[in-house]
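Read through the structure below, which is laid out as structure tokens, and then see the notes.
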Amino acid sequence: MVVVTDHDSKVLARKTFKCHAWNLGTALDWAAKQAAAKGFAAATVACEPTGHRWRVLGQLADERGMPFVCVQPMLTSWARRSEDLTFDKTDEKDAVLIARLTAQLRCYVPETVDETWGRLRHLGARRAQLIVESGRQVQQIRALLECVWPAVLQSARQPFRSSTWIAALTVVVDRDGGDLARTRRLGPARWESAVRKEIIRRGRKKPCMRIVQALFAALSDPAGVTAHRPGALERVGLVLTDWLDTQHRLADTEARMTAILDRLQLTDLVTSIPGLSAIGAAAILAETGDPHRFASARALVKHAGLAPREKMSGTFIGRTKLTGQGRPGLRLAAWRTVWGAQRANPVYAARFTHLTTREQNKLTVTQAQAVIAAAILRQLHAIITTGRAWDPAIATHGTRTETLPLAA
């Protein structure tokens, strides 16, 4: 549904086009002719940014020299309710609402993405999918082992981060098909040799003997649903292969993202923040795009939904929470960087300690980590837009250490 309106949202023409997105150039040409016939020098194209078709429409408008803006679907929904107090929704009415919101300047110019930033955004989306897929596979392996062979999970403190544990589990499920008795008959020496060969095949030098011995002892543990053990361990072997393949694909994607960061000449800047890795910064920038498009660092924090939201009316003071609006992917990427930065960055560590131990308005651990995530976004915006490396003095609000003379 295409509607042509004037500045007062008066409908000048309307028409329905039944075509694919790439054929909407005909609709834009028709709208431009209708606007010119009514005495307007040009027409602005406005739409809701749903799906991928709005990007196609934006390119078609750019090819014709027509300004292109977007209206948030949330604003359209609110406007629809405020007009007739119902949930009535039709394409004809929504088109007029979008035009009215655009005339009121309740719209925005979408981000102009070049090839480099666009590639980083797509790689960031792939990385997020692979992380979810990897986590799902780990949980599936853990659930199967807890059912049929729980002792193996106790042989290492963090089993899925141990190359020795993964190599030993691969020997069990591949070499002997999950037959624990057959693997146990190898004896400690041959068992150690089999694990050592497997871990060398994976590019490591030697296994952790403590884990090798603990896992060999777990072969004799009778706990678990033995009737399901052969089938479950076979399934573990299949999922383990998928998980290792996912890890390889994830490493390749992260290498591509850091290479793009090098091409943008931002690696040295973003890694000047202690505790922030290049891939952590690349994951954030994949969600934000070029930080120069944000007028301020606070705008970037609002875009992530990490800005505080107050509730006060008269004498009532409600609980301050985060807005939770904006891009959830950006909020998640910033949240993941907190764990490393909080340990390696003395400024963030001191701020976390202060927020969680002060007497007035003491924050919980999660609340303090959200504050640090917002600080990382603000400081990342500052160092990229100014081209200056991270400065701990500026990060702590420029606290002076020298004694200032008293005023007369």
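The values are calculated or read from the model by the stated rules, or taken from the named source; none is laboratory data. Fair warning: this is a prediction, and the values are worked out from it, not measured in the lab. Neighbour counts are summed over all protein chains in view; Cβ atoms, including those assigned to glycine, are modelled from backbone coordinates with ideal geometry. Areas reflect the complete protein model, heavy atoms only, side chains present, ligands, DNA and RNA absent. Shrake-Rupley method; radii C 1.70, N 1.55, O 1.52, S 1.80 Å.
For the reader, a short list of remarks on this structure follows.
- Residue within region 2-11 that is modelled with pLDDT under 95 and on the phi > 0 side of the Ramachandran plot present: yes
- Condition met for Ala189 (under 38 Å from the mean Cα position of the chain (by Cα) and either in a helix (DSSP H, G or I) or within 26 Å of Arg136 (Cβ to Cβ) (or both)): no
- Single residue of region 68-113 satisfying the filter (closer than 19 Å to Lys15 by Cβ, in contact (Cβ under 8 Å) with a residue 40 or more places away in the chain and open to solvent by 50 Å² or more (accessible area, probe 1.4 Å)) that is farthest from the chain's Cα centre (by Cα): Glu92
- Residue match in region 208-225 (condition: without any contact (Cβ under 8 Å) to a residue 60 or more places away in the chain, surrounded by fewer than 12 Cβ atoms within 10 Å (Cβ to Cβ) and under 21 Å from Gln139 (Cβ atoms)): no
- Test: residue in region 375-383 that is within 23 Å of Thr288 (Cα to Cα), part of a loop (DSSP other than H, G, I, E, B) and within 19 Å of the chain's Cα centre (by Cα): no
- Filter result for Arg175 (surrounded by fewer than 17 Cβ atoms within 10 Å (Cβ to Cβ) and of a type outside the set (Ser, Thr, Tyr)): yes
- Region 355-365, residues that are modelled with pLDDT of 90 or more and either surrounded by 12 or more Cβ atoms within 10 Å (Cβ to Cβ) or within 30 Å of His292 (Cα to Cα) (or both): Leu355, Thr356
- Beta carbons closer than 8 Å, at least 6 apart along the sequence or on distinct chains, pair a first residue in region 119-131 that is farther than 11 Å from Thr246 by Cβ and among the small types (Gly, Ala, Ser) with a second that is part of a helix (DSSP H, G or I) and open to solvent by 40 Å² or more (accessible area, probe 1.4 Å) for Ala128/Leu332.
- The one condition from (1) surrounded by 13 or more Cβ atoms within 10 Å (Cβ to Cβ); (2) modelled with pLDDT of 95 or more that Ala251 does not meet is (1).
- Scanning region 138-161 for residues that are open to solvent by less than 20 Å² (accessible area, probe 1.4 Å) and outside any helix (DSSP H, G or I) returns Trp149, Ser155, Ala156.
- Test for Leu28: is it touching a Gly at 6+ places or on another chain (Cβ under 9 Å) and in a helix (DSSP H, G or I): no
- Meets criteria (open to solvent by 20 Å² or more (accessible area, probe 1.4 Å), among the charged types (D, E, K, R) and free of Cβ contacts under 8 Å to residues at least 24 places away in the same chain) for Asp262: yes
- Residues of region 41-62 classified as open to solvent by 80 Å² or more (accessible area, probe 1.4 Å), out of contact with any Pro (no Cβ under 6 Å at 6 or more places or on another chain) and not in a helix (DSSP H, G or I), total: 2
- Tabulated pairs, region 341-364, first on the phi < 0 side of the Ramachandran plot and assigned to a helix (DSSP H, G or I), second open to solvent by 60 Å² or more (accessible area, probe 1.4 Å) and of a type in the set (A, V, I, L, M, F, W, C), C-beta under 9 angstrom, 6+ apart or interchain: Phe352/Val365; Thr356/Val365
- Leu97, sole failed condition from (1) more than 24 Å from Asp29 (Cα to Cα); (2) touching a Lys or Arg at 6+ places or on another chain (Cβ under 9 Å); (3) assigned to a helix (DSSP H, G or I); (4) not β-branched (Val, Ile, Thr): (1)
- Scanning region 332-339 turns up no residue that is more than 23 Å from the chain's Cα centre (by Cα), crowded, with 16+ Cβ neighbours inside 10 Å and over 18 Å from Arg298 (Cα atoms).
- Condition met for Gly65 (open to solvent by less than 80 Å² (accessible area, probe 1.4 Å), of a type outside the set (A, V, I, L, M) and in a helix (DSSP H, G or I)): no
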